[in-house]
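Shown next, in structure tokens, is the structure this report addresses.
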2 protein chains.
Amino acid sequence: MVEYNDTLNQTFKALSDPTRRAMLESLRTGPKTIGALAEPLAISFAATSKHIGILEDAALIRREKRGRERICHLQRGQLDEAQAWLDRHAAFWSGALDALETALKEEDERDE
Amino acid sequence: MVEYNDTLNQTFKALSDPTRRAMLESLRTGPKTIGALAEPLAISFAATSKHIGILEDAALIRREKRGRERICHLQRGQLDEAQAWLDRHAAFWSGALDALETALKEEDERDE
DNA sequence: TTGATATTCAACTTTTTGGTTGAATAAAAT
DNA sequence: ATTTTATTCAACCAAAAAGTTGAATATCAA
């Protein structure tokens, strides 16, 4: 496999499942327990817990221990890396050297 | 499964494989044949061809028949849907009602 | 025409993913 | 103290994904 950038890959993998995206969408309205997340999804608690684990590994959520419940909160994780990838790719159509391209190139020179 | 928006899902799935992302990245520098795409990836022609098929189904590339070669060109596909999802999600952190949020809400009212 | 090249197809294997169930753990409620 | 509730763990299963090889197809070059 290719695997040059592991955290970007983890982010894209985490986002590639519709159930997980639905969970993230649901959390946009506020923190929720595993149970509350599982309820509208017609899958077991265990399956939900696994999905949450994947999102947590990708730092897209944080699990807070609260008594016997776990409260899930959104977290940025490396969302911006995924956004940057898409923006850079989309820049292909808006001309090779527009504002975004130059901005991203400058970023590269600073960060890498 | 959840599966509320199939084209968004297809796009995210297509983008979730590092080999396919590498192919898309490679095509940013210009159109390439299957062979040229396969070469740096250490996978067979057949595997490359399959990946290309997935990207083509997601309309992220177009395959042009040129004699015995197939030339792959980038295509926008539903890239903007994926971008919109990420932007909307990222908007969670930049405050509930900033410019992007309102823009997206207006878009919803028009399109859906 | 013959042979080489580029790609795809078909059949198959391996690995990964998403799901299940039932037992284990831990906290809350009775 | 016992029971109920919330979640996780472990073992397992089925389907999907990613890869392989070898034959088929089509085009180009000798």
Take B:HIS51 and tell me if it is within 15 Å of DNA strand C (Cβ to nearest atom) and modelled with pLDDT of 95 or more. yes
Residues being open to solvent by less than 70 Å² (accessible area, probe 1.4 Å), within 8 Å of another protein chain (Cβ to nearest Cβ) and within 11 Å of DNA strand D (Cβ to nearest atom): count how many of those fall in the stretch B:13-47. 7
For the stretch A:25-47, pairs from a residue that is part of a loop (DSSP other than H, G, I, E, B) to a residue that is within 13 Å of DNA strand C (Cβ to nearest atom) and open to solvent by less than 30 Å² (accessible area, probe 1.4 Å), with Cβ under 8 Å and 6 or more apart or across chains, are A:ILE43/A:THR19; A:SER44/A:ALA38
Any residue in the stretch A:5-14 that is farther than 19 Å from B:ALA91 by Cβ, among the aromatic types (Phe, Trp, Tyr) and modelled with pLDDT of 95 or more? yes
Taking the conditions exactly as written (of a type outside the set (A, V, I, L, M) and farther than 20 Å from B:ASP80 by Cβ), does B:ARG21 satisfy them or not? no
Of all residues making up the stretch A:48-88, the number that are in a loop (DSSP other than H, G, I, E, B) and open to solvent by 20 Å² or more (accessible area, probe 1.4 Å): 7
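The values are calculated or read from the model by the stated rules, or taken from the named source; none is laboratory data. It should be emphasised that the depicted structure is a prediction, and the values quoted were computed from it without experimental measurement. Ideal geometry is used to build each Cβ from the backbone, glycine not excepted, and the neighbour counts take in all protein chains shown. All accessible areas refer to the heavy atoms of the entire protein, side chains included, with ligands and DNA or RNA removed. Shrake-Rupley method; radii C 1.70, N 1.55, O 1.52, S 1.80 Å.
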